[in-house]
Amino acid sequence: MQATVTQTFDSLVQKIKPAVDERGFLSVCDRASALGLAVEKTDSKLALWYQFEGVDSTGTKLNLRARSYDPSGPTQVRAAVVRFTVTAIENGAISQQYEDEFEACQIVDASTVW
């Protein structure tokens, strides 16, 4: 990661805000990759999870978690949730954190999902 954690943190927050408004997901992941963060992807039947990590020249760490998951239980039908969490960790403690989320689709009734 070439930029400082603060610069990268700010850049990601500025990308997350419009992504949430526009109900986007991959644009944030693309920005994290462009900023040089290493990525690990996990997916299952109920969730898709990207974890991005980087360290600047001072040793400060940056984590971005971008995930889409189904919060429904066996007796519920709920919209999928997309959540972004950006965390800066300096000297082992969280120095900055930002979270935002949105519901990925609208449920009209139990049989119709838009």
| note | For the chain, the charge dipole (Cβ of Lys, Arg +1; Cβ of Asp, Glu -1; about the Cα centre) points to a positive end, and the Cα of Phe84, Ala19, Gln51 closest to that extreme belongs to Gln51
| remark: For the chain, shape from the Cα gyration tensor axes a ≥ b ≥ c, cut at a/c of 1.5 then a/b versus b/c, turns out prolate
| Applying the Karplus parametrisation 6.51 cos²θ - 1.76 cosθ + 1.60 with θ = phi - 60° to the phi angles of segment 33-39, what ³J(HN,Hα) value in whole Hz is obtained for each residue in order, glycine and proline being reported as x? | 5, 5, 7, x, 7, 6, 10
| query | With axes computed from alpha carbons, what is the tilt in degrees of helix 5-21 against the longest principal axis of the chain, rounded to the nearest 10 within 0 to 90? | reply | 20 degrees
| message | I need the phi-derived Karplus couplings for segment 53-62: 6.51 cos²θ - 1.76 cosθ + 1.60, θ = phi - 60°, integer Hz, Gly and Pro marked x. | response | 9, x, 9, 8, 5, 8, x, 6, 9, 10
| All aspartates and glutamates inside 14 Å of Lys45 as judged from Cα atoms, apart from same-chain residues fewer than 8 positions distant | Asp70
| query | Mind checking which lysines have their C-alpha under 28 Å from Lys61, skipping anything on the same chain fewer than 8 residues away? | reply | Lys15, Lys17, Lys41
| said: Assuming 0.36 nm per residue, please report the length gained on full extension of the stretch Ala104 to Ser33 beyond their Cα-Cα distance. | reply: 23.3 nm
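Here, each number is a calculation from the coordinates, and none is a lab measurement. Bear in mind the structure is a predicted one, so any value in this text is a computation, not a measurement. Ideal geometry is used to build each Cβ from the backbone, glycine not excepted, and the neighbour counts take in all protein chains shown.
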